[in-house]
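The values are calculated or read from the model by the stated rules, or taken from the named source; none is laboratory data. Fair warning: this is a prediction, and the values are worked out from it, not measured in the lab. Here the Cβ is made from the backbone with ideal geometry for all residues, glycine too, and neighbour counts use every protein chain on show.
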Amino acid sequence: MEKRSLGGSGLSVVPLTLGGNVFGWTIDKAKSFEILDAFVDRGFNFIDTADVYSRWATGNQGGESETILGEWFQQTGSRKKVVLATKVGMDLGDGKQGLRKQRILEAAEASLRRLQTDYIDLYQSHKDDESTPLNETLEAYQQLIKDGKVLAIGASNYKGARLTEALETASRLRLPHYTALQPDYNLYDRQDYETDLAPVAEKYGVGVIPYFSLAAGFLTGKYKSKADAEGKARGGKVAKYFDARGEKILKALGDIAQQTGAKEASIAIAWLLAQPTITAPIASATSVNQLSSLFAAVDLELTPEQLQSLTDASAW
């Protein structure tokens, strides 16, 4: 499979990112290992997690996903096969949040322990922290890079103006710059990314790894109505997509599924991969069967007419 460069990071990834948010949340360690094995065995190499995954789940405190990944690395010896991304900045309780220098340095050490590795390929600011000067955050990353604990840095949930400011600050002060961006972007959620962030990513050569690539499962064809989503782990997020525009998108996906024989999930990700600036969409799986649809997306070539029909159906 052809790899793509992740911005100017020097990292090369197969253009699909496995989302680690489900590890220790909707699937246990054994099932997580099964999915990780299948992912790497097929030649894919990019895995994304965060220190906060999955603090929101009953009985969890954060760090569960990283811990499972670390145990998998230890058991399988697969660390060098993986481009590993994790994130810092969300609230872990006891004042552990934000992007102050000391917080980042402490969080990195905690993540490295849980992940049972001595370096993180891509370390990302999970969300903007406007209370912390951008140079202080970047100086923390500079130290981690100098110490060999981080290879490249990225940003998630930033606005275009702040991302631009961070990139310009890095250039002016000769500090490490964000080479990757992790925004909310999919066939339904287009406007914010395309109007605010895409121009910045294109101008500065930032690689983009969108999360919610399948709109919390809405674009998989799994849910036919709001009622189908009720009681599911992401049911509340899915329900909001069932409006007139959402129905048009599902119809377009269904039509192309009939034409190609591909699954709706594969088609939705293939559309993303055809968009300018997109490097490797993030998608999670809770079964090996679900992984098959994700794998298929990388090799699926939609015709210009099919791509246009999806773009038209999802127009905002």
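Taking Ala155, is it closer than 23 Å to Trp56 by Cα and in a helix (DSSP H, G or I)?
Criteria not met by Ala155.
On the given criteria, is Leu175 over 15 Å from the mean Cα position of the chain (by Cα), over 27 Å from Leu18 (Cβ atoms), modelled with pLDDT of 95 or more and not aromatic (Phe, Trp, Tyr)?
So Leu175 passes the test.
Search region 163-208 for residues being of a type in the set (D, E, K, R) and surrounded by fewer than 15 Cβ atoms within 10 Å (Cβ to Cβ), and hand back the single one that is nearest to Ala280 (Cα to Cα).
Glu202
What strands (runs of 3 or more DSSP E), lying completely within region 1-111, carry at least 1 residues that are in contact (Cβ under 8 Å) with a residue 60 or more places away in the chain and over 14 Å from Ser284 (Cβ atoms)?
It comes to 83-88.
Tell me, which residue of region 299-316 that is of a type in the set (A, V, I, L, M) and in a helix (DSSP H, G or I) is surrounded by the most Cβ atoms within 10 Å (Cβ to Cβ)?
Leu310
Could you check, for region 76-91, whether at least one of its residues is surrounded by 15 or more Cβ atoms within 10 Å (Cβ to Cβ) and farther than 17 Å from Tyr119 by Cα?
There is at least one residue in region 76-91 that is surrounded by 15 or more Cβ atoms within 10 Å (Cβ to Cβ) and farther than 17 Å from Tyr119 by Cα.
Considering region 273-298 alone, what residues qualify as being surrounded by 23 or more Cβ atoms within 10 Å (Cβ to Cβ) and part of a helix (DSSP H, G or I)?
Listed by number, the residues that qualify are Leu294, Ala297.
Which number in (1) at pLDDT below 95; (2) surrounded by 23 or more Cβ atoms within 10 Å (Cβ to Cβ) marks the one condition that Glu2 misses?
It is condition (2) that Glu2 fails.
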